[in-house]
Structure formats: C-alpha cells, structure tokens
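Take a look at the structure set out below.
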Number of protein chains: 2
Amino acid sequence: MPRTRSLPPAPGPVRLGPDARAALRPAAVGIDSGFWHTRRATNAHVSIPQGPGLLESAGNLHNLRLAAGTAEGAFQGAYPFVDTDVYKWLEAAAWQLAQTPGDLTGELADEVERIVALVAAAQQPDGYLNTWFQLVKDGRRYQDLRWGHELYCAGHLIQAAVAHHRATGRPELLDVAVKFADHIDSVFGPPGSGRPIDGIDGHPEVETALVELYRETGERRYLDLAGYFVDRYGHGLLGGEAYCQDRVPLREATNVEGHAVRQLYLLAGATDLATETGDAGLRAAGERLWRAMTATKTHLTGGLGAHHDEEDFGDPYELPNERAYCETCAAIASIQWSWRLALLTGEARYSDLVERTLYNGFLAGVSLDGERWLYVNPLQVRDGHTDTGGDQSARRTRWFRCACCPPNVMRLLAGLEHYLATTDDTGLQIHQYVTGRYGDDGFTVRCETDYPWHGTIALTVEAAPADGPRTLSLRIPQWCRDFRVRHGSRTHDRTDTPVTDGWLRIEDTWSPGDRVVLELGLEPRLTTADPRVDAVRGCVAIERGPLVYCLEQVDHPGGGLDDIVLDTGRPLAVKHRPDLLGGVTTIVTAGHRRRIADRDWWPYTSTDGVEDPARTEGDPVELTAVPYYAWANREDGSMRVWLPTG
Amino acid sequence: MPRTRSLPPAPGPVRLGPDARAALRPAAVGIDSGFWHTRRATNAHVSIPQGPGLLESAGNLHNLRLAAGTAEGAFQGAYPFVDTDVYKWLEAAAWQLAQTPGDLTGELADEVERIVALVAAAQQPDGYLNTWFQLVKDGRRYQDLRWGHELYCAGHLIQAAVAHHRATGRPELLDVAVKFADHIDSVFGPPGSGRPIDGIDGHPEVETALVELYRETGERRYLDLAGYFVDRYGHGLLGGEAYCQDRVPLREATNVEGHAVRQLYLLAGATDLATETGDAGLRAAGERLWRAMTATKTHLTGGLGAHHDEEDFGDPYELPNERAYCETCAAIASIQWSWRLALLTGEARYSDLVERTLYNGFLAGVSLDGERWLYVNPLQVRDGHTDTGGDQSARRTRWFRCACCPPNVMRLLAGLEHYLATTDDTGLQIHQYVTGRYGDDGFTVRCETDYPWHGTIALTVEAAPADGPRTLSLRIPQWCRDFRVRHGSRTHDRTDTPVTDGWLRIEDTWSPGDRVVLELGLEPRLTTADPRVDAVRGCVAIERGPLVYCLEQVDHPGGGLDDIVLDTGRPLAVKHRPDLLGGVTTIVTAGHRRRIADRDWWPYTSTDGVEDPARTEGDPVELTAVPYYAWANREDGSMRVWLPTG
C-alpha cells in the first residue's frame, strides 16, 4: 500500500472556481483497498476496457466516422443522442487515466486518443457537432430543441473534454468542446442579445457542463451562458411540459417533477451556478427542492423516478416497488447534485443521501462482474413476472438500445474519490468511509475500514499542519443510532459527544500518528415508511449500515417470495458469507409462508373486519437477505425489498 | 310505460349463428326506466348526437373526404387508426336507431347515412379502406402489420356495418364491409393457401368482427378467416411480442398478458369461434384465461391493465391504485368477452364480472353529463397530484387525441340491452337487473327495480308458454350474502334455496301476472384483497351491491385524503342523496386524520417493531363515500377507493 506523505489531488469533476461561495472544497482522496476499491478495479479492468468494442459494435464510432467523411454506410442507432455514449465513456476513461497516470502511455490512453481524434474529425468547421443531425437530419440544427438533444450532447462532450484536459493535460478534446461551446454561445441568448435563438434543450445537461468549462478555462462567458439556460426553463419555450422541465421555473418550484434525470441535471447545474455566483435564489431553490424530493419522492434505495411512462418522478409518496423506474442515470445525477449541495452548504445530509444512493440505487445498476447492466432498478420482481426484455428489463443486459446508463456508471466509479471528502479553513470533513487517504497537502489522514461490512473506521494522521488546531469532521450517518469514538485515550459515544447536523467534530492539534477510531453501530434494523407511502403499508425493509437488503428467490427454495411474511420480533442474525456474491454480509431471520386458501376466482373478499379466512398462518421459512446492490447476479427469479409483516 | 305483450328482439351484437354451440341464446330485452335508462338517455341525447361534430373537428371525416377525392388538405390526426372513431360511432348510432326505430327517418338517421356515404366513397375499388395508408403511407398496404392497424380498422368497419344492417336493414355499409372482407380474404391466408400474405394484425379486433360478419351474411369463409387469424397469433409473425399477443398461442397461454385491449378483443374473437365451431381447445383457453385474469389481474372495479407503459396487463397481483391504467376500452372489451363466455358456458360468474365492470370500471369512463371522458380509470388520485393532461389525464377530457374510448362507450351503452338476459330450452335467465322487459315471444317477464340503490327486484310474468313448465333463472350476484325471494305465497332465503353456480332457478308453470320478488341484501360492506395484492395491504374498500365506492376530496374539506384512516367496526350508514351526482346512495362512516409528525426529510424510519412515533391518532373525520362511477364530476381533487385501516 502506498504510504507517501504527500497526497496530490487527482483530477476529478467539480473543481471549484476561484470565486466559488462554497462552504467546503473537495479534498484529495486516494482509495486503495476495500469495498469500493474492488468495484473500481472491476470498472477499470472490465467495464471501461470493454467500452470501445461496444461503442464500435453499436455503431456510435461508425457514426463519428460517417460525419468525418472517413467511412460509408448508414447512421446506426435509434436516438439523436447516441454520441453521448462516446462522450461519457471518454469522461470515464479520462478519470481512470487520472487514477493511474502510468497508463497515460498505455492501451487505455491510446484508445482515448484514437476516439478523441474521431470526435474531433466529426466536428463541423463552425464548431457544431452532432452526428444525428449532421447525418440523419440534413443539418437542420436547433429546429427541434424539445427532442433533438443537441445541447445535451454538447454538455456531455464538454464534460468529457474537461475530464480529458484535467486528467492528461492534453488540449485536443478541450479544443473541440470550446469550439462547440463558442458556437452555442453565438447562437443562443435572450432576446436583444443579438443571438438568433432564445431557447433551451429539452434535456438539461449543458448547464452543469458549461460551469465546469468555466472552471477549466476561466472564461466567464460559459458561466453566464449556463445561467441564461437555467433561467429560461419553466417559461414555456418548450411548450410548458413538466417532462422537459418547462412547466415552472426552478425559483418557483415546490417539488421535483417531470423526467427525473432531466430535473436532476438541471438542478446540478443550478447548484453549480449558485456555488460559483452566490445566487441566493438558486441556492434556496436547490435546498427546497432537495428536501421535497427526499421527503416525498425518494425510494429507500435512493432510487428516483416512480413512472416508467415518461420516466417521471410521479406524485409525492407515489413510490411503487415493482414499477419503480429508478433509472441508474437518475441515481448518478442525484449523487452529482447532492454532492454539489454538500459543497455549497457544508451540510452532512446531502452526503447521507449520496451514501444511500451509492450503496444501493446506483450500485445495483452494474453487475458484480462489470459486464451487465440494469437501466431500471425496481424494488420488487413479482412471482410469475413476465419479463418483456428491452432496455427496461428487470434482467441484466449486456448493453442497451439507449445505452445512457453503462458509461454513466463508468464515469461515476472512475471519479468516485471526488465525492468522498472535503476541506475548509478549519480542517477536513470525511463524508464517506473508504480505505485510503484523505486530505490536502497540510492535513492528511489515512483511513482503514472494512465498511460497510464492519463499522470500525480507523483514522491515522499522516501529516498535520504545525500552525495550530484543526477539526477532523466525521459524518455520523443518518441511519446510525449508536457509535463510539476513540481519540487518544478517550472514548466517547452519542451520550457525551454532540453530533451537530450530522457532523462529529474533533478539534485538536494533530501530530502524525494520532489516531481516531470511529465505531459505527451496524445492528441490522427493520425500517418502515411514512404512512403515505401506500406501496409499502404493513411492510418492513431490512437494512444494515448504509445497505438496503432484499430477498431473492434463489435463496428461498420451495416457492416464490410473494407469500412470505417476515416475523417481526425475531432475531436478525448477521452472517458474513465470503463465498456469496463476491463476499457479502447476509441477514438471516425468520418468517413464514402464508397459506393462501384457494379461491374460486375473485381475489377480493368482504369481511366486515373479520379476518379473511383465506389468510392463515403457514410453514416457517428461514429468510436470507442479501444486499440490494448484489441482486440479479444469479439465476432469474423474484425479489423483494419490502416484506409484509402480517 | 309500454305494456305490450310481444317483445321483438331489437337488433344487437352477438346474434348467434344457426350452428352455434352456446348454452344460452341472447334474449330480447327492453330497458324503459331506472339507472341504466337514465345513462342511456344521456348517451342517446348528448353523447351520440355530439359525435359527428367531434369527428368533424378532429378531422376524421375530413380524412374520408380526402381519400374519396372530394376535399383537399392534409391528413388530420396522429394515428393510423383514426377511421375507427368513425366506425365505432356508426355502430353506436346504429344500435341507437334500433332502440328508437321512429328515428330512422330523423336527424340521427340522416347523419348516419351521410357518414356511411363518406365511408363508402373513401373505399378503394378493390375493397381496401384505410385513410392513413391511402393518404399518408402512399398506399403501401400491409407492410407494417405490427403497427399499421389495417385489419383492426377493418374489424371496426365490419362491426359498424353489421350493426347498421341489423338496425336499418340497409345494405350500403354492409356492402363496403363485405368488399373489404373479401379483399382481406384474398390477401391473407396460411402458406399454401394461394394468398400472398401469411400475417396477422398487431391489434386483434378483426377476428370477432369476421365472426359477426359470418353471422350476418351466413358466409362461412369469414368464420374460417377469423379462425386462421386467431390461431396465427403466438407464432412470432409479429416478432413474438406479448404486446401484440404474439408471444404464445392462446391455446397454450396460462394467463392474459400484453396490451390489455388487444388481448381481450382476441379472446372475444376466440370465444366467438369456439361458440360457432365447437372448438374445444379455444373454449378451454377462454375459460382458463378468464379465470386467471379475474383471479390475478383484475382491479376491484373490473378495470384491467396495470401499466401505463405499453398498456400492459402487468404481472399477477400487480394491481396499483394511482397508476391503474384500466383503460375504458379494456372494460368494454372485458364485458364483450365475458358475455360471449356467458353465452357459451351458461355460467353466471361471467355476468358477475360484467355487472361489476358495467357499474364501475366501465361507467366511470363517461361523465354524468355525457360530454367528458376518462381514458384511464385509476383507483386513486393522490393529494398533490400534478396532472400532466393529455389522453391519460386523471381529469375528464372533452375528446382525446387517441379517441378510441368515447365512441366505444357510446356503442356499448346503445347496445346494452343485449348483455342482460338469455334464454335456453328450459326458460329465461336474467343476468342483470334493470327496469324493463325480458324474454322471447313465448315467455316474457317485466322487471321493476330501483337497483342498484335498492335490492328489491319485482318480476311479473307478462306472457308464458302454455306447453309446460319453464325455469326462471335469476343470477344471485357473487357479492350477495343474503337474499329473499317470494314466489307466490312462499318466501325463501339462502338457507332453504339452493343457488347453483350463481343461479337461483325457479321452475314453474307460469301464467301471466305471476310474480317473483327477489330481494338482494344491500348491506354495505368492507372488502379486503388477496394478500398478494401488495398495493392494498392494510386497506379496505367500501362496496354496496354491485357498486364500488370511493372518497373524493371535495366531500372532505379541511385536508386531503392520503392521511385519512377508516375506523373499522363503525357503522356504515346508507344515505340516499337525490341532490348529489344525479342521485346517488352514499355510504357515511367514521375515520380519522392521522397526525403525521413532521420529519426533517427522510420518510423512512427504523423502528425494530416499535410503533413509529410519527404515526399517531388524529382528529376524527366523517367519511362520505360516493359510487366510483360518479367520481371526477365535480371539482378536481384527490380520490381513493382503498382506505387504510391503521
């Protein structure tokens, strides 16, 4: 394990600008072992390397060659945004290169430069770039902003370019992005600006990308352009549909709505703007909408989006299980947005949601072997489920027709260390617990932990500033009911240690070798929902630490899952299973299979309060719950997160 | 009220052929007062007369003129099946004309003949007729059977033509239909038949229509063609998708699946075939699939189709409330199919489902004033619902972009008397209780009832055959727990009167003036669901007689509905309200508003079985439940059928 004392910040997303009004700044983090290291290794060695082959066979790279005039044939793919699969892969590969700078001259670096060259060659002389419009739509640009995704594609190109530049220092892709951004800046603007089009894209995304471009280039024009776009949503330019985030301006909105990913990317951009400009209205909107979302529209897994139809958030407390949409991309967008709010406000709750989403709704999106994906992440697959296949299948798929999620997972995993810790003038804040090193040049802490399987987090100071005390802030997760912390010879727990807004703050004058050991209580727990969440009335979910658990049919031979009742009051036994699903801690408890009396046909019974005779006690059954993120990695079958208790 | 002794059968759907193997034959029925008479009067005087104007403004009639070359302009409408709106309206108008033969020379008759002429003029010389393909698709016929709806449109044309011919005796529309059917018969057939295309339509419908055309013309070719189509589904001709009913042949299927209306129309056609040909395999498939559907995929209202996405049935026991799709057309198709099974088998259960669907899932589809419609029929509208408008709005709409439902409602209401009673060699079976006359020439019974508000059904024999005893069979509804029947001086109840498979059979040698008075117990009741229906765990629904009840926000000032708990064990008071919603019986009972503690943000709580402190008792509230069919006729607001009990 590397034990050097200096910890240079690796390039990553959200590098705040010099005037940013953020409470916290991203800290440098190096992950070198443990849970997320394993998943990132699979991302680095399996998922990312397979990208170019998949982009080739799906036709994305072919389309770039067509646009460059270096290949012949027909456009491939069904959507106007297929270029973004390439861009998101490039962003993932760039963050990966930044992790392992030795690879800069290796195979991955070669692949990146090859594909960057394809992108550059496809760009039109004035900076425009979108293979769908260049090849299929005869160059009729910006005439279908509601569906065209041209600025959305530009956004992902810009993000890839910023990543590529930060990771490698090479200018090629950034040049393409700047040229496209300048082109967009010359075309879009408010009435009276001299720009021909007053418009926005049906799919927000360019906004947050333009803020990153401002951060990378220092060009304030890009920040202004992002601000213009953010504020033009909600005024009917796209017909006023919630789907396109055009029903109501963010500054007036009271809850998240419409297409979940669109809403979340827009909010990430708005929060970026609030951070860089100090815009109090946008900050307030972000804080208000985040609270409304988490209180009324978030699944237990952190998943977002209740409707398959229009990929919509749905109504407050409408949180179905089997039809939870919970697109993997929405989980990613949620993490991106929450992290920006964490930086802006300094509040721990945002990282509570990041943790929950990372370990559950996000991580379920990729198989343990890194080769298969889920686009939607339901909380239940019913007994007798007929899977219709396609992108929205409840079975893992090698690649999608709309392949937005896989490279999005890749880019988040490759850049994950940038979502874990922060610094401010008082010290270091650890938001997520992974084995590795945290800090900045002056104050560096090594963390050793087997989290989330064990609750012990051992922190050792490796370097400390000599100029006075610093505060080491540890996030006490929202789910955590008891903890102990040892600092030197003193041990504290919740009774004598204040946790303020989620932060346990330890101020000290630190020396190398100083240790803090945090022990988070990981007793498994049964969780219930607000009674307005109709979908889970009379049910509990099993959780342990940050992990949501589920039952899978394969662990419960002799039947399905939909007749199983969990017997509350029975022990929840913790059983680590190194052999299972790459090594997981299971929760074993007791339940029974309800005996359901045979009905002639009609499944409804009038009882006037008398217990339905069809509901009788049944055979006991041992229940084995596995972490939700690991579901659907064995044989197909039913699955449940929420379990009836009677 | 008319009191003539003869009861000529009015023309209607499902006129069995001479060789039909049905257990029962449709009887003649005349509805002349009461609940359904009122609704049919609105249909006759408001809905149907408004049809031509709406078809004109939506462009359907314009398209026919375009195809005939008698108008200029662009095709109007977004779907390849817009012609069917015209055909279904024509069918509705035809059954309406049959009800009121005096109108044959009136305004409605004139409108019908005008529109029949438009249809005839649009037909191509070889019999083909589809304005979308003629005008938009440059006549590229039958090249997109999966989405083209050409045979689906033909089916509705044929049904309209059969109705027009039966109702008026006029040949004009039947000639058009025969010509198109002959054209289809010349194009479609199995390999080796000499027909160029071995294919089926993505949307079944022509099958049941072709059986009706056989019944009307006596041409067995049409029956054979229907049989060919029915048996070609499920063999991958359309790519094997469940959506198109192409995943598995009906003869092998174990549950209904895919697009609900497509499945139900196909099953109606298959049951027609089983009836006319004696095909035991199709009969068995119909009986099997009907039982699976009612046991696992039917909402309490009789509504069918759990998914908005693909209008799909969903999985067994997947019966959501707020996202119940329950298309009005699916309710209609279900009634049509169940009625065919009732005729084929003689079993009362099919009419149990017809009754439930008629009074709830179907009737909710049209407003009380006959002018506004619901395409989807959810069982809940949440507090804070954001309605996105469009065809699938939870608010009633004047007309739809895809206007399949309104004229479908019109045709069912106009032909409703054909779904109410049957005869066989032993006598008369009354399936539904409406005020009017039932029977055939030899055995006629008058029924007087205020059903569903009151349970008394008074039957008086008006004519009886002199040649011996006849059996008067009365369906005892599946929901009915107690009844009394007076026949002459004798009174019986469930304790001494056998009800066999839903039928109370009274054999007697009848004379005019003989009376039977059936009193169905209409005590309101609380209903629970099979525990596998996760969506309604811990909830009850209020029902009375055939009616499902719901709460509407407008009757519960001071808040929404989603915090309301019904207190079981409290009286369910019956209160008739002639002033409300056209006159409805309400159910008044007691509940309370749950006090929900303010949560900071996260709506899930780990309690380990301890009662969530956020759930506390709250203020008592009087609950006023109204019949589900009458919902959404006042101000917009939330609505619930299923009510939590704790």
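Key figures for this structure:
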| quantity | calculated |
| --- | --- |
| Lone unmet requirement of (1) open to solvent by less than 30 Å² (accessible area, probe 1.4 Å); (2) in contact with a Pro (Cβ under 7 Å, 6 or more places away or on another chain) for B:E111 | (1) |
| Test for A:G646: is it of a type outside the set (V, I, T), modelled with pLDDT under 95, within 43 Å of the chain's Cα centre (by Cα) and not in a strand (DSSP E or B) | yes |
| Matching helices (runs of 4 or more DSSP H) fully within the stretch B:262-356 where at least 1 residues are at the interface with another protein chain (Cβ under 9 Å from one of its Cβ atoms) and open to solvent by 10 Å² or more (accessible area, probe 1.4 Å) | B:280-296, B:349-356 |
| Within the stretch B:376-392, considering residues that are assigned to a loop (DSSP other than H, G, I, E, B) and open to solvent by less than 10 Å² (accessible area, probe 1.4 Å), the one nearest to the other protein chains (Cβ to nearest Cβ) | B:R382 |
| Selection within the stretch B:416-425 - within 16 Å of B:S351 (Cβ to Cβ) and not hydroxyl-bearing (S, T, Y) | B:L416, B:E417, B:H418, B:L420, B:A421, B:D424 |
| Search result, residues across the stretch B:393-409 that are in a loop (DSSP other than H, G, I, E, B), closer than 15 Å to B:V86 by Cβ and in contact (Cβ under 8 Å) with a residue 40 or more places away in the chain | B:W399, B:C402, B:A403, B:C404 |
| Residue within the stretch A:630-638 that is more than 11 Å from chain B (Cβ to nearest Cβ), aliphatic (A, V, I, L, M) and surrounded by 15 or more Cβ atoms within 10 Å (Cβ to Cβ) present | yes |
| Boolean, A:R490 is farther than 30 Å from B:Q380 by Cα and either within 12 Å of another protein chain (Cβ to nearest Cβ) or open to solvent by 20 Å² or more (accessible area, probe 1.4 Å) (or both) | yes |
| Matching residues, the stretch A:454-465, being in a strand (DSSP E or B), open to solvent by 20 Å² or more (accessible area, probe 1.4 Å) and out of contact with any Lys or Arg (no Cβ under 7 Å at 6 or more places or on another chain) | A:T456 |
| Number of the exception - A:D201 against (1) surrounded by 24 or more Cβ atoms within 10 Å (Cβ to Cβ); (2) part of a helix (DSSP H, G or I); (3) of a type outside the set (G, A, S) | (2) |
| Selection within the stretch B:61-87 - under 14 Å from B:V116 (Cβ atoms) and of a type outside the set (V, I, T) | B:L61, B:L64, B:R65, B:A68, B:D83, B:Y87 |
| Flag if B:R221 is out of contact with any Leu (no Cβ under 8 Å at 6 or more places or on another chain), at pLDDT 95 or above, open to solvent by 10 Å² or more (accessible area, probe 1.4 Å) and closer than 27 Å to B:V162 by Cβ | yes |
| Residues satisfying the stated conditions in the stretch A:534-553, i.e. within 11 Å of chain B (Cβ to nearest Cβ) and of a type outside the set (A, V, I, L, M, F, W, C) | A:D534, A:R537, A:G538, A:E543, A:R544 |
| Only one of B:Y451, B:Y438, B:Y433 that is over 30 Å from B:Y79 (Cβ atoms), among the aromatic types (F, W, Y), open to solvent by less than 10 Å² (accessible area, probe 1.4 Å) and assigned to a strand (DSSP E or B) | B:Y438 |
| A:P531, sole failed condition from (1) more than 11 Å from every other protein chain (Cβ to nearest Cβ); (2) within 30 Å of A:A625 (Cα to Cα) | (1) |
| Of residues in the stretch A:366-375 being more than 14 Å from A:R40 (Cα to Cα) and either touching a residue at least 60 places away in the same chain (Cβ under 8 Å) or not hydroxyl-bearing (S, T, Y) (or both), the one farthest from the other protein chains (Cβ to nearest Cβ) | A:R372 |
| Those residues of the stretch A:97-138 which are outside any helix (DSSP H, G or I) and in contact with a Cys (Cβ under 9 Å, 6 or more places away or on another chain), in sequence order | A:L129, A:N130 |
| Single unsatisfied condition, B:T100 versus (1) farther than 18 Å from B:F188 by Cβ; (2) open to solvent by less than 40 Å² (accessible area, probe 1.4 Å) | (2) |
| Wholly within the stretch B:515-626, strands (runs of 3 or more DSSP E) carrying at least 2 residues that are among the charged types (D, E, K, R) and at pLDDT below 95 | none |
| Considering residues of the stretch A:513-528 that are within 8 Å of chain B (Cβ to nearest Cβ) and of a type outside the set (S, T, Y) only, the residue surrounded by the most Cβ atoms within 10 Å (Cβ to Cβ) | A:L526 |
| Close pairs from the stretch A:559-583: first at positive phi, partner in a loop (DSSP other than H, G, I, E, B) and open to solvent by 40 Å² or more (accessible area, probe 1.4 Å), Cβ under 7 Å, at least 6 apart | A:G569/B:G609; A:L581/A:L368; A:G582/A:L368 |
| Residues being closer than 29 Å to A:D563 by Cβ and within 8 Å of chain A (Cβ to nearest Cβ) - total across the stretch B:554-567 | 1 |
| Failed item, numbered, when B:S606 is tested on (1) more than 7 Å from chain A (Cβ to nearest Cβ); (2) open to solvent by 20 Å² or more (accessible area, probe 1.4 Å) | (1) |
| Some residue of the stretch A:54-70 being under 19 Å from A:L412 (Cα atoms), surrounded by fewer than 23 Cβ atoms within 10 Å (Cβ to Cβ) and either touching a residue at least 12 places away in the same chain (Cβ under 8 Å) or not polar (S, T, N, Q) (or both) | yes |
| Residues located in the stretch B:616-634, provided they are of a type in the set (D, E) and under 35 Å from the mean Cα position of the chain (by Cα) | B:E622 |
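Quick grid of which residues meet (1) open to solvent by less than 20 Å² (accessible area, probe 1.4 Å); (2) of a type in the set (S, T, Y):
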site: B:A10; (1), (2): no, no
site: B:V14; (1), (2): yes, no
site: B:A20; (1), (2): no, no
site: B:A23; (1), (2): no, no
site: B:A27; (1), (2): yes, no
site: B:S33; (1), (2): no, yes
site: B:N43; (1), (2): yes, no
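The values are calculated or read from the model by the stated rules, or taken from the named source; none is laboratory data. Computed from a prediction, not measured in an experiment: that's the story for all the values here. For neighbour counting, all protein chains shown are included, and Cβ atoms are generated from backbone atoms with ideal geometry for every residue, glycine included. Surface areas here come from the heavy atoms of the whole protein model, side chains and all, with no ligands, DNA or RNA. Shrake-Rupley method; radii C 1.70, N 1.55, O 1.52, S 1.80 Å.
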